[in-house]
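Take a look at the structure below.
The values are calculated or read from the model by the stated rules, or taken from the named source; none is laboratory data. Model, not experiment: these values are computed from the prediction. Note: ideal-geometry Cβ built from the backbone for every residue, glycine included; neighbour counts use all protein chains shown. Each accessible area value is taken on the protein alone, full model and side chains, heavy atoms only, with ligands, DNA and RNA left out. Shrake-Rupley method; radii C 1.70, N 1.55, O 1.52, S 1.80 Å.
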Amino acid sequence: MAAIQCIGVLTSGGDAPGMNAAIRAVTRSAIYHGLNVKGIYRGYKGLISGEIKEFQTQSVSNIIQQGGTILRTARCQEFMTEEGRKIAYENMVKEGIDALVVLGGDGTFTGAKIFANEFNIPVVGVPCTIDNDIASTDYTLGFDTAINTVLEMVDRLRDTSQSHDRCSVVEVMGRRAGYIALNAGIACGATSILIPEVEYDFQRDVIDRMKRTQMTGKKHFIIVVAEGIGGVDEMAKRIEAETGVETRATVLGHVQRGGHPTVRDRVTASLMGYKAVELLK
Ligand code: ATP
């Protein structure tokens, strides 16, 4: 295979804080190595529609601190078909792009793997998802920012729960993975944490535990529930009925996906972006 001269970079699937820092690192590292870089907009969709722009050093200035992705992101059904991927490949050839760095989650990586094998293109993935649920990596970009956001939100809920002697049942994101719930739950001192990876008995692990700690004088409670378990409204009703503690359910939702990336996400994004280019080289 001839030496790589031009790298395309795209973000796909759900956005995650740190994607911009990774785009910046890929761009600047590639330019440092004398390579051209092209930004592909809206993930695989942009590869198919040809929404592609040449990047210079300044194209990625002032983005390291921004959440979201300047390249935008999308889910693309067409890329799941052979015809769609063929158009994507033809556009790559037309644009002179001979390698790709894809930033995204599980689905993005699956698509990348199929595409790379089909057309024999070098592709490197940078794991980006707040859920931290990609195999073969200890860390995915966005996770640290997300757990810190959850922590701040739950601390706020704790203030009001404590003032009113209430229980807060909080659902956090993570899809089928419990990493966000587990880490944020420990950090905020939750009474119980429910995650899909661990079997639980609601009576024993939530109700009875609350009742036991009530006897020590505790009057406010935080229960953290992973998205993969859900059902927080019903849980709140049951807790209130069985413990007599006024209970509110809160679903934190998409606020967890936004915000300025933390130091850990910016540094890891910079290292991963740099490494992606090194690997392609
Ligand atoms: P998140 O974990 O944040 O949802 P993700 O990368 O897993 O991110 P998906 O929507 O699952 O998000 O995947 C992103 C895109 O990757 C899809 O819209 C599709 O274009 C491509 N993709 C996913 N699975 C496949 C597949 N089996 N074949 C080809 N392309 C795929």
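Quick notes
- Between LYS53 and LEU151, the FRET efficiency from the beta-carbon distance, with R0 = 45 Å, is close to 0.75.
- Accessible area expressed per residue, segment 173-279, with surrounding protein chains retained (probe 1.4 Å, Å²): 53 Å²
- Cα gyration tensor shape for segment 1-114, rounded if a/c is under 1.5, else prolate or oblate: oblate
- Calculated FRET efficiency, VAL93 to ARG176, Cβ-Cβ distance, R0 = 30 Å: about 0.20 to the nearest 0.05.
- In order along segment 184-195, phi translates into HN-Hα couplings of 5, x, 5, 5, 9, x, 5, 5, 9, 10, 10, 10 Hz, rounded to whole numbers, per the Karplus curve 6.51 cos²θ - 1.76 cosθ + 1.60 with θ = phi - 60° and x for Gly and Pro.
- The mean of 1/r over all distinct Cα pairs in the chain, once inverted, gives the Kirkwood hydrodynamic radius of 20.2 Å.
- Modelled this way, with points 7 Å down the Cα-to-C-beta line, the labels at GLN77 and ALA3 are 4.4 nm from one another.
- Partners of LYS275 within straight-line reach, counting lysines whose Cα lies under 24 Å from its Cα and excluding those fewer than 8 residues away in the same chain: LYS38, LYS53, LYS113.
- Using a simple spin-label model with pseudo-atoms 7 Å out from Cα toward Cβ, THR110 and HIS260 lie 3.7 nm apart.
- With Cα atoms, 0 to 90° folded angle of helix 82-95 axis to the chain main axis: 60 degrees
- For the peptides 36-49, 229-242, the ranking by mean Cβ contacts within 10 Å, running from highest to lowest, is 36-49, 229-242.
- Dipole-positive endmost among HIS33, GLN5, ASN91 within segment 1-98 (Cβ charges, Cα centre): HIS33
- Seen against the Cα atoms of the chain and their longest principal axis, helix 263-280 is set at about 30 degrees.
- A simple spin-label model places the labels of LYS86 and THR160 5.6 nm from each other, with each point 7 Å out along Cα-to-Cβ.
- Helix axis angle, 143-164 relative to the chain longest principal axis, alpha carbon, degrees: 20 degrees
- Spatially proximal aspartates and glutamates relative to LYS237 (Cα-Cα < 20 Å; intrachain offsets below 8 disregarded): ASP165, GLU171, ASP201, ASP205, ASP208, GLU227, GLU246
- Two-site FRET efficiency, ARG204 against VAL251, from Cβ-Cβ distance with R₀ of 22 Å, rounded to 0.05: 0.35
- Counted residue by residue at 0.36 nm each, then reduced by the alpha carbon distance between them, the extension gain from THR213 to LEU271 reaches 16.4 nm.
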